[in-house]
Amino acid sequence: MSASQTPPAAAAPGEDEPTLLVKIFGKDRPGITAGLFDTLAAYAVDVVDIEQVVTRGRITLCVLVTTPYPDQGTTGSSEGDLRATVHSWAESLNLQAEIISGRGDNRPRGVGRSHVTVLGHPLTAESTAAIAAAITATGGNIDRIFRLAKYPVTAVEFAVSGAETEALRTVLAPEAAKLRVDVAVVAAGLQRRAQRLVVMDVDSTLIQDEVIELFAAHAGCEAEVAEVTAAAMRGELDFEQSLHARVELLRGLDASVVDLVRKEVRLTPGARTLVRTLKRLGYQVGVVSGGFTQVTDALQEELGLDFASANTLEIVDGKLTGRVTGAIVDRAGKARLLRQFAHEAGVPLVQTVAIGDGANDLDMLNTAGLGVAFNAKPVVREAAHTAVNVPFLDTVLYLLGITREEVEAADTHVE
């Protein structure tokens with residue numbers, strides 16, 4: 001091709017410029033994408049857009065191209081020739097081809113863009129239909145759907161435009177509760193990929209246990225402590241008052257019980273994977289707890305956490321005094337510590353994630369850019385940005401757009 005025959009520089013087509021949507025379907029195999037573009041290359045077309053997906057070994061490849069430039073001295077010189085050649089190539093590979101004429105690029109996406117992540121165990125067609133209908137009811141358009149994970153839950157993400165994030169949350173939260181699926185809505189944008197800070201509650205979140213109940217079991221007062229704990233987590237009692245009442249029941253317990261309790265603590269399934277993956281991605285991770293530093297300090301060392309804060313059991317002459325020392329980490333204290341950690345980490349609050357299960361976590365969840373209620377009490381599920389109701393803490397990764405394949409690949413290639 002001579003210089004005088006060179007087609008104009010590639011640019012996004014105008015609204016009235018003719019374009020062709022080439023769609024290929026069939027059994028996937030290596031070389032299909034390269035083969036299609038080799039075929040199209042003979043027609044001096046510009047590539048405007050590409051989408052490809054493979055589902056259970058079946059490929060769907062869509063390519064939006066400009067119509068062939070006329071009189072360029074190429075092998076093919078017309079739209080009719082291009083159509084015939086593409087169909088012939090597809091048939092030779094037992095593929096199906098469809099070519100649709102149109103004008104311009106894709107229509108502009110609507111103002112307001114969000115990621116809607118849906119977790120199901122299982123994810124049913126009924127619940128997926130209801131979520132899609134709810135998105136449409138807000139004026140949103142689903143631009144793309146892809147799977148993040150197939151186990152231990154099915155997680156899919158909808159890229160949505162045309163609806164504000166808060167409006168989507170308002171509509172989808174009650175729908176998710178009714179369908180018994182978990183739905184998270186976060187704003188799209190660069191901040192989703194930026195370095196973040198994740199701060200978790202400890203008892204019944206990072207770990208499966210309530211630490212004070214482990215201490216109470218050694219003191220023989222677990223029933224009394226459990227009753228007060230439950231009332232506090234439901235928001236029926238002031239946390240500080242309930243903390244003092246429960247700790248008083250531990251008075252006189254030998255300090256050697258601390259080591260026993262540390263050994264009894266059980267991490268929540270997926271906790272190690274969550275922290276390990278976040279750290280590999282450059283996130284900073286912390287915990288705040290209404291429990292005790294005697295346990296959180298050990299967890300910080302074991303998991304490599306960046307931040308940790310909790311109450312401290314007072315020990316005098318090798319015995320628990322039934323008191324705590326220092327400022328109480330309560331509902332307001334957890335939110336304050338989230339702000340403090342974010343400041344120290346150099347991360348704006350909009351890029352923070354908080355995870356918790358109890359009423360004393362609510363201020364922290366609402367302060368964070370994304371508040372996740374993890375297997376939480378009803379009052380917390382209703383107030384948080386999103387809720388996760390499966391017993392796997394690492395499912396929070398999917399809410400951040402991290403796929404199961406990426407998690408497993410990071411584990412495989414760890415140094």
| remark: Within the stretch 110-137, the count of residues that are in contact with a Phe, Trp or Tyr (Cβ under 7 Å, 6 or more places away or on another chain) and surrounded by fewer than 19 Cβ atoms within 10 Å (Cβ to Cβ) comes to 0
| message | Go through (1) among the small types (Gly, Ala, Ser); (2) open to solvent by 20 Å² or more (accessible area, probe 1.4 Å); (3) touching a helix residue (DSSP H, G or I) at 6+ places or on another chain (Cβ under 6 Å) for Gly326 and report which single condition fails. | response | (3)
| said: I'm trying to understand the selection: among the residues of the stretch 161-178, which are open to solvent by 50 Å² or more (accessible area, probe 1.4 Å) and touching a residue at least 60 places away in the same chain (Cβ under 8 Å)? | reply: Ala173, Ala177
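Go through the stretch 291-324 and report how many residues are outside any helix (DSSP H, G or I) and modelled with pLDDT of 95 or more.
Adding up the residues that qualify gives 22.
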| Quick one: in the stretch 14-30, which of the residues that are in a loop (DSSP other than H, G, I, E, B) and open to solvent by 50 Å² or more (accessible area, probe 1.4 Å) is modelled with the lowest pLDDT? | Glu15
| field | Count of the stretch 213-260 residues which are in contact with a Leu (Cβ under 9 Å, 6 or more places away or on another chain), in a helix (DSSP H, G or I), within 15 Å of Thr312 (Cβ to Cβ) and open to solvent by 10 Å² or more (accessible area, probe 1.4 Å) | value | 1
| request: Check Arg280 against each of (1) within 30 Å of the chain's Cα centre (by Cα); (2) at pLDDT 95 or above and name the one condition it does not meet. | output: (2)
| query | Identify, please: which residue in the stretch 151-160 is more than 14 Å from the chain's Cα centre (by Cα) and at pLDDT below 95 and is, among those, least open to solvent (accessible area, probe 1.4 Å)? | reply | Pro152
| Does Val388 meet the test of being open to solvent by 70 Å² or more (accessible area, probe 1.4 Å) and in contact (Cβ under 8 Å) with a residue 40 or more places away in the chain? | no
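The values are calculated or read from the model by the stated rules, or taken from the named source; none is laboratory data. Being a predicted model, the structure only gives us computed values, none of them experimental. In this analysis, Cβ positions are derived from the backbone assuming ideal geometry, glycine residues included, and neighbour counts consider all displayed protein chains. Note: areas computed on protein heavy atoms with side chains; ligands, DNA, RNA excluded. Shrake-Rupley method; radii C 1.70, N 1.55, O 1.52, S 1.80 Å.
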